[in-house]
Amino acid sequence: MKPSVAALVVTGAMLAAVCQPLGASSLTQAARPAPQAVASDLTQLPLTGEVLQETGIADTLADLVDDDDIGDDIVGEAGAASSTSSASRHYGFLSRQGNSRAPVARWNPCTSIGYRVNPTGGGSGATAEVKVAAARLRASTGLPLVYRGTTRVVPGKGTAAYPNDTQIVIAWSKPGVTRYLPRARQGQYAVAGYGGGSWSTGYDAKDRKWGRFVRGYVVLNGTYHFAHGFGAGPRYGWQGTRGQLIMHELGHAVGLDHTSDRSQIMYPTMTRKRAVYGAGDRTGLRYLGRANGCLYLTPR
Ligand SMILES: [Zn+2]
């Protein structure tokens, strides 16, 4: 299903998008933060003056908590839907921002994609869960994600550059510390997680134009405590798990948008289901991965 992205704001060459809620349980969505400065990406971008675009989605707590699910047992739903072919249609691409003709942004699958974890504030076992989620992402995309260790970097905080071997950072933080987790305005929910990335133009072996990710960002709000692991999660209280949230935000960081099918990990609301990528998630992830071949900086 196409995600509901309604607003496009063009600032120079940068795109900003405001994501609309997908369902009744999605009450608010924060605007996407300002684009990332280009300078920190120069080590990876030999093309002088190339402008990066950035996209991402800030998932507010309203999006992530599905009141309808509280007390309901929907565990069977995810597994059943994942095995049906109709569910495989449910995915979208983040870079398109509502424009179906825009090139799809993806990672170059032909070079290692290093990721680091800043587990401070993430609770026990945070790094181990990121590794599990990344392994599942790697299995579904074929992208060569490689764990490089921990880091103190928090995406969107200060000017600290990523280490040279690192393209994606997954960090926990608090609202107000990083621009990806803005403080909640009065009466609004805080952002519980953010996932996205920056990309420039890339070309495949047939000179088709794509977006080519150079940076990925995942920031999780450490003041919210979800159940650990990848199981169905609690029957009462916050639905879903930390594992489900990590997999969801990592999905954004490799270019997936939301989908309206609740059995998918990219459904914008945390629901009570096992944290495994669904059929739609996997269709989208396959497209974003090795299946579409290497990306180059210039046409062949
Ligand atoms: Zn999301």
- request: May I ask for the equivalent-ellipsoid semi-axes of the range 118-250, computed as the square root of five times each C-alpha gyration tensor eigenvalue and listed largest first in whole Å?
  value: 26, 19, 15
- prompt: Residue separation times 0.36 nm, minus the C-alpha to C-alpha distance between residue 139 and residue 152: what's the value?
  reply: 2.0 nm
- request: Mind checking the range 191-259 for trypsin sites (Lys or Arg not before Pro) that DSSP puts in a loop (not H, G, I, E or B) and that have at most 10 other Cβ atoms within 10 Å?
  value: 206
message: I want to check the label-to-label distance for residue 164 and residue 185. Put each point 7 Å from Cα in the C-beta direction and report it in nm to one decimal.
response: 4.4
field: Evaluated at q = 0.10, 0.11, 0.20 Å⁻¹: base-10 log I(q)/I(0), Debye formula over Cα of the range 186-300
entry: -0.36, -0.43, -1.06
- prompt: If you keep only loop residues by DSSP, which chymotrypsin sites (Phe, Trp or Tyr not before Pro) in the range 172-256 have at most 13 other Cβ atoms within 10 Å of their Cβ?
  reply: 236
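Readers should treat all values here as calculations from the given coordinates under stated rules, not as data from a laboratory. Computed from a predicted model, the values in this text were never measured in an experiment. For neighbour counting, all protein chains shown are included, and Cβ atoms are generated from backbone atoms with ideal geometry for every residue, glycine included.
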